[in-house]
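The values are calculated or read from the model by the stated rules, or taken from the named source; none is laboratory data. Source: prediction; values computed, not measured. A quick note on method: Cβ atoms are made from the backbone with ideal geometry, for glycine too, and the neighbour counts reach across all protein chains shown.
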Amino acid sequence: MEQILDLLSWVAIVSGGVLCLIGGYGLIKLPDMYTRMHGAGLIDTLGIGLILVGLMFQAGFTLVLAKLIMILIFIFFTSPTATHALARAALNGGLKPQVEDDGVVLPIDRPQSKPMKPIVSSEKEAESSKT
């Protein structure tokens, strides 16, 4: 039984390492920031997840397993969130994605008639002006 766990562990760790290397290669070879973020965010999250699963097989049912699960949950929530926030900031900053001209008008290509402003209710405005 221990040999099977060791085999599963090493398969997960090696495949996670290979995925992280593929993500690193994607950072070098992909053409623009958005595709690079896709390569880094998606592939590296899966690679780190597989490495942590491999470490979980090695840890057994101990406190280390609970810590690894907490790290895995943290990575699965923060990595896509950070990637999304970075892409959103780049898009709001005016960085357009590199796309082929196929005649499709993207929402970013349309000029906005007026800048977007946050909607604030008058009650909150009155409270904030009092302080």
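In the set (1) at pLDDT 90 or above; (2) in contact with a Lys or Arg (Cβ under 7 Å, 6 or more places away or on another chain), L27 fails one condition alone, (1).
The rows are residues; the columns are (1) closer than 18 Å to I13 by Cα; (2) of a type outside the set (S, T, Y); (3) at pLDDT 90 or above.
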| position | (1), (2), (3) |
| --- | --- |
| I43 | yes, yes, no |
| G54 | yes, yes, yes |
| A85 | no, yes, yes |
| D102 | no, yes, no |
| V120 | no, yes, no |
| S129 | no, no, no |
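In the range 3-20, of all residues being polar (S, T, N, Q) and modelled with pLDDT of 95 or more, the one that is nearest to Q58 (Cα to Cα) corresponds to S9. Check whether at least one residue in the range 12-20 is closer than 30 Å to L91 by Cα and either of a type in the set (A, V, I, L, M, F, W, C) or in a helix (DSSP H, G or I) (or both), and report yes or no. Checked against the condition, which is being closer than 30 Å to L91 by Cα and either of a type in the set (A, V, I, L, M, F, W, C) or in a helix (DSSP H, G or I) (or both), the range 12-20 yields at least one hit.
Restricted to the range 21-32, and to residues there that are assigned to a helix (DSSP H, G or I) and within 17 Å of the chain's Cα centre (by Cα), the residue that is surrounded by the most Cβ atoms within 10 Å (Cβ to Cβ) is G23. In this structure, is L42 surrounded by 13 or more Cβ atoms within 10 Å (Cβ to Cβ) and hydrophobic (A, V, I, L, M, F, W, C)? Judged against the criteria, L42 is a match. For the criterion of being farther than 20 Å from A85 by Cα and touching a residue at least 40 places away in the same chain (Cβ under 8 Å), F57 passes.
The listed residues are G54, G60, G47, and the only one of them that is of a type outside the set (S, T, N, Q), within 30 Å of E2 (Cβ to Cβ) and in contact with a Cys (Cβ under 6 Å, 6 or more places away or on another chain) turns out to be G47.
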